[in-house]
There are 4 protein chains.
Amino acid sequence: MSGNSFGQIFRITSYGESHGKGIGVVIDGCPAGLTLDESLIQNALASRKPGQSSITSARAETDSYIIQSGISNGITTGAPIAFFVPNIDAQSKDYEVLQQAYRPSHADYTYDMKYGIRDIAGGGRSSARETIARVIGGAIAQMILNHYKIEIVAYVSQIGTISCTKHYETLDLNSVQSSLVRCPDQTISEQMIAAIEEAKQEGDSLGGVITCVVKQVPVGLGEPVYDRLEADLAKAMLSINATKGFEIGSGFAGTKMKGSEHNDIFYKEGDQIKTKTNYSGGVQGGISNGMDIYFNVAFKPTSTIFKEQETIDNAGNPLMMQMKGRHDPCVVPRAVPIVEAMTALVLADHLLRNRSARI
Amino acid sequence: MSGNSFGQIFRITSYGESHGKGIGVVIDGCPAGLTLDESLIQNALASRKPGQSSITSARAETDSYIIQSGISNGITTGAPIAFFVPNIDAQSKDYEVLQQAYRPSHADYTYDMKYGIRDIAGGGRSSARETIARVIGGAIAQMILNHYKIEIVAYVSQIGTISCTKHYETLDLNSVQSSLVRCPDQTISEQMIAAIEEAKQEGDSLGGVITCVVKQVPVGLGEPVYDRLEADLAKAMLSINATKGFEIGSGFAGTKMKGSEHNDIFYKEGDQIKTKTNYSGGVQGGISNGMDIYFNVAFKPTSTIFKEQETIDNAGNPLMMQMKGRHDPCVVPRAVPIVEAMTALVLADHLLRNRSARI
Amino acid sequence: MSGNSFGQIFRITSYGESHGKGIGVVIDGCPAGLTLDESLIQNALASRKPGQSSITSARAETDSYIIQSGISNGITTGAPIAFFVPNIDAQSKDYEVLQQAYRPSHADYTYDMKYGIRDIAGGGRSSARETIARVIGGAIAQMILNHYKIEIVAYVSQIGTISCTKHYETLDLNSVQSSLVRCPDQTISEQMIAAIEEAKQEGDSLGGVITCVVKQVPVGLGEPVYDRLEADLAKAMLSINATKGFEIGSGFAGTKMKGSEHNDIFYKEGDQIKTKTNYSGGVQGGISNGMDIYFNVAFKPTSTIFKEQETIDNAGNPLMMQMKGRHDPCVVPRAVPIVEAMTALVLADHLLRNRSARI
Amino acid sequence: MSGNSFGQIFRITSYGESHGKGIGVVIDGCPAGLTLDESLIQNALASRKPGQSSITSARAETDSYIIQSGISNGITTGAPIAFFVPNIDAQSKDYEVLQQAYRPSHADYTYDMKYGIRDIAGGGRSSARETIARVIGGAIAQMILNHYKIEIVAYVSQIGTISCTKHYETLDLNSVQSSLVRCPDQTISEQMIAAIEEAKQEGDSLGGVITCVVKQVPVGLGEPVYDRLEADLAKAMLSINATKGFEIGSGFAGTKMKGSEHNDIFYKEGDQIKTKTNYSGGVQGGISNGMDIYFNVAFKPTSTIFKEQETIDNAGNPLMMQMKGRHDPCVVPRAVPIVEAMTALVLADHLLRNRSARI
């Protein structure tokens, strides 16, 4: 009800603020008997972490976690699994300037109006540090997906005006992690890095697009009519900080096609029913059809910039503000594991929900 | 859990199939003391109805409803409000051809795989006829919004390759209903009608984009972190049949801007805090900031076309199929009231949820 | 949220008032592929129906239902199953006297205070007529239980001061339906009937106790720690009109035993693990252990009596009131199918929830 | 869904095992602007704590908690409030004997069957140590109730065969905490202590009854028809370890009264509408009527006893077992704050839910 939980059967509840004690997540509804694979958690956290390179924030967050419950001898017990990640390197004094000012396009003003109280340092719950909870929850969800051999890979397909226009099937998705900006097209990757560095020099920021691909999805996931798989994916993506859009399959471009071009023709190959094209993006009538699911997520340019900006304080007085501190000029590369995590959460939940589809 | 309900406090539950007895909706959580305004329901149903003109389906659905509960002397009592809309003009024999065939890009195959049983005629639950439940629920929700003076207007901003590129603030949104295709730009409206008629001649179909604008939204709606207002709007929109994308505020285009251009600068005008630009689309940190909310929804071209198509039957045998029956070559204009209804449902729910934000 | 739905995965939503158009129920989350057995529904409705004998209300409610959705060729499709039972014999004028008066121990006053509006005739939502929704939902739930061979039998074990003190294992539970008061002990049954007739003569009413027994329950149903099976059963029972108490297994009497007497000793019989005694009532740690589940539900004497009573009107003025109309002097026998239905709803839901217990 | 959360708007999620790292609770949906009163938490934890006297367990649990989120400068921020209570004095080796044995009337067998895995030490999630989460959540809930001046007092009204038969209105409820067994009748209190000491000598255990009284409840709490206030209270109580029954108002005894005796006659006193008697227990039609709410909760004798007992191991082999370790011969006194906490959770949730009753 208050928006800190996600999922129906497989459900995470997140808590913690960016500059408080730490970030925690309780994962409820995870089936018993699952072997914990900590490398999945560590890799996802490492990929999300700032301070990875010259183009990301200089904070050296450790992101070491404590498993508080739900695991016995490396196996899930059916009890809620709780993780806690202490905050270590928080520098609240960077935020002192914000005591009264409302940062443009941040959540300062709206939180203040909604709750009548504002947890100043680091943006509190609105900080991207909350996404640690998602990444850990998503890693546990991925362990369920692994039982079904479902694979999720996301990558950066656009930074600012630099786009990777190739279809995902023509890219080597294994190479995503070797790119600093998580773009599997090496030439484009270098252009993206240059663009981010230029923005950094200017004290400015960039946005971009993440493409996510899911392979080996079983047929039948998704609950008509309001909990269609694409509806739950859209919600998951738009719940990530700084996102402004979602499109699945043919997306906005598909609106310009004709039905005769867009319809995906069924055929049988061996035992499997497939479609010749996949403009549907792997979902038909809200239910997965076994083809790849793929979608794009739009990220606005980061609100935190180092150029001087006009704004007002909480009394409505105009002022000029200049941000300090450590912030990425482009958060899109670090959002790749978050997109993957939210995707895994949606799919794990729908896998369990689907267990009640038939008597 | 099974996806036939939408909303948390203000919650609709939908039932019924396109070619069964009818469509019903139970609206639970509507506050007592609200005066029922039936014109809102009738107008929305009329706008959704097929058979309105040469460019829409020839079915003459009456869509007359029965109020089964929850209203006493024209006032809501706090009890669940139930509506039932009998099916009258259903012609199941149009669907006999479908007994075995899987229509391309429809839900036939996925429902069959998920449930092991398929309700053939009219697509059962996957039919757009279910949207009657949304439209009625949305009209009740709008009665709540009227108490807060919140206005929702949606319009068609693209059909096929014909786009209305003007900003919504430069359009006369009062003229939407006078356009057959629900586009307030008269020149573009005519081009859209011509495009739909051409597609109809070809037995083909078109997609498009609906833009939705919400004015007078109170500050403070939306629940961080997973139930951000834009996340719930995205889910609502992607739960509508044939949608492939959602973008709010600057959307996908905003990904190419720099932070210094994209940040919305706060200022005070009289007693009100506003922003100079509104790339945020009226939502910051997942919470409404009082500026207009506006977003786009992408609709694919209708799957039902009258050109001959390849497909397979449920035994996997290839066959050629030719659809008959009465279907719109473009459903986008009729989806306008559905987009408005889903928007109203999200906002009414968040208005009530927000009542617990402060002690 | 507004209390008109029950269950998590297998979930009913009820609507309708006692003297409005009728009572409806939407059953969502029922697995596809279940054969509809209408005799279960008809028997339960017949058992719940007033007008069955001299000791029950003289209303001749027909309770014939319309199936509105979710069934195709006698099989559940996975879509929501909706039933509607029109009101036929409602006599609203019996209720005119109530326009201003608050009937003692009824819901008139509290509904008026909560909602600021009162649906006078028949008590609206607070009427026992709403239990039709439960009985139909419970019958569908029982169809799921039948797949697992789970049997539910409830009976009247006390009316007023007349008690059937025999343990349920010594009674012939097949004979419940042949007793007018649903008590399988024939001697006690006759005493109960006499007591009810005496109360009727006096214009007074009686309460009582229903005992419910569930056999063949699989081990493992119930979700620790807040959704223990007994917790969900307790909620289900206390949601029935006129109930004042619930006890499972040894119940209140067990509080006087010592641990060494009360502990149920495990042993193995063939392949099955059993307990020598069953003071636990078939549930340990909130989870079914495979032994019989049995519990008691307390019903207060019906509030509607025909003796003259003091009360006040909605302006607070004292007045004397005399009820008219048709009402049972004791509703306990008619509540037997309602107790069974609510039990079935809890168990069907937990059977489906348990499908996610293990990977 | 997996039963580790309680409440709808005001909602707690509990995690942690008795012999793991500790117990945690996330409290979501707490309104912003509430002043944290830590004495409420500390008093409730102290009252729940073992090791308080010769009649309770000898464990010296510290129960010191860490506030992890949701509080800023002593005020709730609207963000989830998380508490963690580390386990300090856990002695897992006391539990080694249990590796294979199923303790009679414990959760060992049912957890093992449900999850296929058992977290041996201390009973894992089924341990009463989980109730720390409830007590903390309840203390936060009580802070909301304090805004409405709602008072909750529970006391022990029966231990084994020793009963305090006086009506709660004749007792000095302020003296509950000064009794070792939480019974405000001093003579009975001494008899109860003697009974517990006798049971302790015998290595046996006792059960009992807790009575809970709620004063100053606003009219209007409770959601018909399935979420009646008494239904949610019943669920709350039966979710507590070792409970076997619940009765509200006249309860099981009231089943023997006649309607003319049982009906609570309305009258007006000053501005307030009251009832002359209160057999309803402060709830009519599922909604609070402003009179005191009072109910009884039955607790079975503790399963852990020190007498030798028969049982079987997980292979089904019979064996004799003798429990060691530190356990209370009667947990009922320590359950008093748990009953109060669960009551507060139900009421806080319904206070917030009631904010949507009217437009």
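Okay, here's what the table says:
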item	result
Unmet requirement for residue A:29, which otherwise passes all of (1) open to solvent by 20 Å² or more (accessible area, probe 1.4 Å); (2) within 7 Å of another protein chain (Cβ to nearest Cβ); (3) touching a residue at least 24 places away in the same chain (Cβ under 8 Å)	(1)
All positions within segment A:317-328 that are open to solvent by less than 10 Å² (accessible area, probe 1.4 Å) and either β-branched (Val, Ile, Thr) or in a loop (DSSP other than H, G, I, E, B) (or both)	A:328
Single unsatisfied condition, residue A:271 versus (1) farther than 27 Å from residue B:129 by Cβ; (2) under 28 Å from the mean Cα position of the chain (by Cα)	(2)
The listed residue being out of contact with any helix residue (DSSP H, G or I) (no Cβ under 9 Å at 6 or more places or on another chain) and surrounded by fewer than 24 Cβ atoms within 10 Å (Cβ to Cβ), out of D:258, D:200	D:200
Any hit, segment B:218-225, residues being closer than 26 Å to residue B:145 by Cα, open to solvent by 10 Å² or more (accessible area, probe 1.4 Å), in contact (Cβ under 8 Å) with a residue 60 or more places away in the chain and more than 8 Å from every other protein chain (Cβ to nearest Cβ)	yes
Filter pass, residue D:160 being at the interface with another protein chain (Cβ under 9 Å from one of its Cβ atoms), in contact with an Asp or Glu (Cβ under 6 Å, 6 or more places away or on another chain) and in contact (Cβ under 8 Å) with a residue 12 or more places away in the chain	no
Answer from B:61, B:38, B:96 - the residue that is more than 18 Å from residue B:328 (Cβ to Cβ) and either crowded, with 17+ Cβ neighbours inside 10 Å or at pLDDT below 85 (or both)	B:96
Which listed residue, of D:211, D:275, is over 30 Å from residue C:101 (Cα atoms), more than 7 Å from every other protein chain (Cβ to nearest Cβ) and β-branched (Val, Ile, Thr)	D:211
Residue tally, condition open to solvent by 10 Å² or more (accessible area, probe 1.4 Å) and closer than 20 Å to residue D:229 by Cα, over segment D:261-282	5
Test: residue in segment B:332-340 that is facing another protein chain (nearest Cβ under 9 Å) and among the charged types (D, E, K, R)	no
Criterion: part of a helix (DSSP H, G or I) and touching a strand residue (DSSP E or B) at 6+ places or on another chain (Cβ under 6 Å) - qualifying residue of D:339, D:346, D:297	D:339
Out of D:138, D:124, sole residue that is open to solvent by less than 30 Å² (accessible area, probe 1.4 Å), within 14 Å of chain A (Cβ to nearest Cβ) and within 28 Å of residue C:259 (Cβ to Cβ)	D:124
Scope segment B:141-157; condition open to solvent by 20 Å² or more (accessible area, probe 1.4 Å) and either more than 15 Å from residue B:236 (Cβ to Cβ) or within 11 Å of chain A (Cβ to nearest Cβ) (or both); matching residues	B:146, B:147, B:148, B:149, B:151, B:153
Filter pass, residue B:14 being modelled with pLDDT under 95 and open to solvent by less than 10 Å² (accessible area, probe 1.4 Å)	no
Search result, residues across segment B:158-188 that are under 25 Å from residue A:259 (Cα atoms), part of a helix (DSSP H, G or I) and either open to solvent by less than 40 Å² (accessible area, probe 1.4 Å) or modelled with pLDDT under 95 (or both)	B:188
Subset of segment D:69-78 (residues that are crowded, with 24+ Cβ neighbours inside 10 Å and touching a residue at least 40 places away in the same chain (Cβ under 8 Å))	D:70, D:76, D:77, D:78
Tabulated pairs, segment C:348-359, first facing chain A (nearest Cβ under 7 Å), second among the polar types (S, T, N, Q), C-beta under 8 angstrom, 6+ apart or interchain	C:352/A:356; C:355/A:356; C:356/D:2; C:359/A:76
Options A:20, A:24, A:3; residue that is in contact (Cβ under 8 Å) with a residue 60 or more places away in the chain, open to solvent by less than 10 Å² (accessible area, probe 1.4 Å) and farther than 15 Å from residue A:141 by Cα	A:24
Flag if residue A:82 is modelled with pLDDT of 65 or more, over 21 Å from residue A:317 (Cβ atoms) and either open to solvent by less than 50 Å² (accessible area, probe 1.4 Å) or among the small types (Gly, Ala, Ser) (or both)	yes
Residue that is among the hydrophobic types (A, V, I, L, M, F, W, C), in a loop (DSSP other than H, G, I, E, B), open to solvent by less than 10 Å² (accessible area, probe 1.4 Å) and in contact (Cβ under 8 Å) with a residue 24 or more places away in the chain, where the choices are C:305, C:312	C:305
Hits in segment A:240-272 - residues which are at positive phi and more than 8 Å from chain B (Cβ to nearest Cβ)	A:242, A:270
Meets criteria (within 9 Å of chain B (Cβ to nearest Cβ) and over 23 Å from residue A:129 (Cα atoms)) for residue A:296	no
So residue D:326, is it basic (Lys, Arg) and over 10 Å from the mean Cα position of the chain (by Cα)	yes
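The values are calculated or read from the model by the stated rules, or taken from the named source; none is laboratory data. Remember, it's a predicted structure, so these values are computed and weren't measured experimentally. All Cβ positions, even for glycine, are placed from backbone atoms using ideal geometry, and neighbour counts span all protein chains on display. In case anyone asks, the SASA skips ligands and DNA or RNA and just uses the protein heavy atoms, side chains included. Shrake-Rupley method; radii C 1.70, N 1.55, O 1.52, S 1.80 Å.
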